[in-house]
Amino acid sequence: MRDYRRTRARIGLVPQELTTDAFETVWNTVSFSRGLFGRAPNPAHIEQVLKDLSLWDKRDAKLMTLSGGMKRRLMIAKALSHEPSILFLDEPTAGVDVELRREMWALVRRLRAGGVTIILTTHYIEEAEEMADRVGVILKGELIVVEDKSTLMRRLGKRVLAVELESPLAALPPELADWKPTLKAEGGRIEFHLAADGAGPGVGALLSRLAALGIALKDLDLHESSLEDIFVSLVHRS
């Protein structure tokens, strides 16, 4: 698309910085933002946006009276005022409380379900894991990986099953080799490395093998890589 104004009108931007007109009201600010992109007035849409962001009760409040979290909601409302098809979110939950963060996640899911393409930058890795379909990792200004989240987690993720034993082992039985075991804690714990995609022999087969070998268990703990684990491994590898 070569028409700058039409292209820009399809984009919504939520900057990290909170920049507002302190003496204006919430309603007027969001309505004005819609008009800036040449959209006809639509009070019903503005009302719905404010309700979605829990700002309806503050519609007549001056911006100077809003808390930091409310101002963050307002920035999102302004970005959604003209019904963009592409939305850029630059650390939208920086400095907000847990409740507001989860409300924003829910809003992003609804927008995505409605067909809006969302590009999110965040330092909260759990936020990317919660919401993203596709993940990019930037290190020192360079994009070092871009991949579907599910593919990335299958390719680089790990599943480790830690088994605490009733009695320590002096050595690992060769019958356990399929699960890539490592003997820890002076023989009192075995760590088994399982495929992140579920390929190969699984936990059920492993427990059956342990029982057949007469190895008594005290406790089990299965750890699966989070996106944060993968992020850390990528950064340290590069």
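Overview of results
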item	result
Extension gain from D221 to I119, taking 0.36 nm per residue of separation minus the Cα-Cα distance	33.2 nm
In order through segment 97-103: 3J(HN,Hα) via Karplus (6.51 cos²θ - 1.76 cosθ + 1.60), integer Hz, x for Gly, Pro	7, 4, 4, 5, 4, 5, 5
Inter-part distance where segment 1-35 and segment 173-228 are each reduced to a Cα centre, Å	54
Cβ-defined net charge surrounding S54, 9 Å radius [Lys, Arg +1; Asp, Glu -1]	0
Neighbour-count ranking [beta-carbon atoms within 10 angstrom, fewest first] of L89, L176, L100	L176, L100, L89
Those lysines that a straight Cα-Cα span of less than 17 Å connects to K180, excepting residues fewer than 8 apart in one chain	K158
Efficiency of FRET from Cβ geometry, H193 and Q16, R₀ 35 Å, rounded to 0.05	0.35
Between segment 70-85 and segment 118-168, the alpha-carbon center distance in angstrom	29
Reachable lysines, given that their alpha-carbon falls under 26 Å from the alpha-carbon of K62 and they are not under 8 places away in the same chain	K51, K71, K78
Mean Cα-pair separation over length for the chain, i.e. relative contact order, pairs under 8 Å, 6 or more apart, %	16
Filtered trypsin sites (Lys or Arg not before Pro), segment 1-64: DSSP coil and at most 10 other beta carbons within 10 Å	R2
Ellipticity estimate at 222 nm from DSSP helix runs (n ≥ 4, -39,500 (n - 2.57)) divided over the chain, nearest 500	-11500 deg cm²/dmol
Where chymotrypsin sites (Phe, Trp or Tyr not before Pro) in DSSP loops with at most 16 other Cβ within 10 Å are excluded, longest remaining stretch of the chain	125-238
Under 11 Å, Cβ to Cβ, from E228 - net charge with Lys/Arg +1 and Asp/Glu -1	-4
Magnitude of the charge dipole, segment 52-129, Cβ model with Lys/Arg +1 and Asp/Glu -1, debye to 20	280
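Read-outs: derived from the displayed coordinates by stated rules, not from any lab. Because the structure is predicted, anything quoted here is derived from the model rather than measured. Positions of Cβ are backbone-derived with ideal geometry, glycine not excepted, and every protein chain shown enters the neighbour counts.
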